[in-house]
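Bear in mind these aren't lab numbers, they're just calculated from the coordinates by the rules spelled out. As the structure is a computational prediction, the values presented were derived from the model and not from experiment. All Cβ positions, even for glycine, are placed from backbone atoms using ideal geometry, and neighbour counts span all protein chains on display.
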Amino acid sequence: MLNNEVTTRLRRPTGADVSQQAAPPQPFGGSISVAKATSSEVLLAWAMNDQALPAAHGAPLRVVVPGWIGARSVKWLQRISAQAEPTDNYFQAEYSVLPPEADPEAAGPGDGITLGPVAIHCAILRPGKNDHLPSGPTEVSGFAFAGDDRTVARVDVSADHGSTWTSTDLDPPENPWTWQHWRAMVTLPPGEAELIARAWDSTAAVQAESPATVWNPRGYANNAAAHLHITCCP
Ligand SMILES: Nc1nc2c(c(=O)[nH]1)N[C@H]1C(S)=C(S)[C@@H](COP(=O)(O)O)O[C@H]1N2
Ligand SMILES: [Mo]
């Protein structure tokens, strides 16, 4: 896989939206490995939900790269090329995790970890942020997503700042490219509470406990555990 990534890449610039944010101004583009590009889940899409693809989502033609960061799903597609090296497009290097001491303005291609496959993450959907709830048992629910061709193996929740954790009831994966929903009954203490959810993927990778662990100069790939503050009436 690594060998494929460094030796053979697909390049996909477009002319439809020239970015003035890029240096120099240029069309949006990005690379994926040949292994991914030739997999059955990667699409060239002109329709969505049996309707014509809306312009905002890339009509007339876009790439869809399930399990990889959105930036590699190039919209308003104009060209695809097979080449030995990743594209030198500004956005290929921009979507990378730089080391803490790096200056993002001065960073060049190869200075960071180029983003492709999504890292394991999850979100709490219910209760909502700053909801007022009665203390006692309540259902907490959300989704988790593993990325690449991994699946979500388990999601745990804590209502006591991570001292104790409860496994949630996790829906099986329909396929690796969709969210998996989960839910659990937790007992909320009276007063202020912090709910935490953390997901594990099928390689036993787990989300970092805090955003400080995954901090990087450009702020990408923040897949720290989901935290939710709530207030419980006694
Ligand atoms: N041509 C082009 N394609 C693009 C982008 C862009 O700015 N220009 N943004 C990318 C990013 S960062 C994301 S997250 C997705 C968003 O796709 P959506 O608008 O269908 O949600 O498109 C990707 N493809
Ligand atoms: Mo994005």
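How large is the helix-only mean residue ellipticity at 222 nm for the chain, computed as the sum of -39500 (n - 2.57) over DSSP H runs with n ≥ 4, divided by its residue count, in deg cm²/dmol to the nearest 500?
Details: 4 runs with 19 residues, N = 234.
Taking each H run of at least 4 residues, the total per residue is -1500 deg cm²/dmol.
Please list the non-local residues whose amide H lies under 5 Å from the amide H of Ser31, H modeled 1.01 Å from N, same-chain partners needing a gap of 5 or more.
Those qualifying (amide H under 5 Å, at least 5 residues apart or on another chain) are Thr87.
Quick one: if the Förster radius is 35 Å, what FRET efficiency do Leu43 and Ser135 give, using the C-beta to C-beta distance and rounding to 0.05? Mind dumping the intermediate values first?
Details: r = 47 Å, r/R0 = 1.36.
Using R0 = 35 Å, I get an efficiency of 0.15.
Whole angstrom only: what separates the Cα centroid of the range 207-231 from the Cα centroid of the range 149-189?
Taking the Cα centre of each part, the range 207-231 and the range 149-189 sit 17 Å apart.
What do you get for Rg/Rh of the range 4-114 when both radii come from the Cα atoms and Rh is the Kirkwood radius?
Details: Rg = 14.5 Å, Rh = 14.7 Å.
Ratio of gyration radius to Kirkwood radius for the range 4-114: 0.98.
Kindly provide the GluC sites (Glu not before Pro) of the range 87-184 that DSSP labels as loop, not H, G, I, E or B, and whose Cβ sees at most 14 other Cβ atoms within 10 Å. Kindly include the intermediate steps, with their values, before the conclusion.
Working: sites: Glu94, Glu101, Glu105, Glu139, Glu174; in loops: Glu101, Glu105, Glu174.
When the GluC sites (Glu not before Pro) of the range 87-184 are filtered for loop state and at most 14 Cβ neighbours within 10 Å, Glu101, Glu105, Glu174 remain.
Mind checking the dipole of the chain: about its Cα centre, +1 per Lys or Arg Cβ, -1 per Asp or Glu Cβ, Debye to the nearest 20?
On the way: 15 positive and 24 negative charges, 135 e Å.
So the magnitude is around 640 debye.
Taking the alpha-carbon centroid of each part, what is the distance from the range 72-103 to the range 106-128 in angstrom?
Spelled out, the Cα-based centre of one part sits 14 Å from the other.
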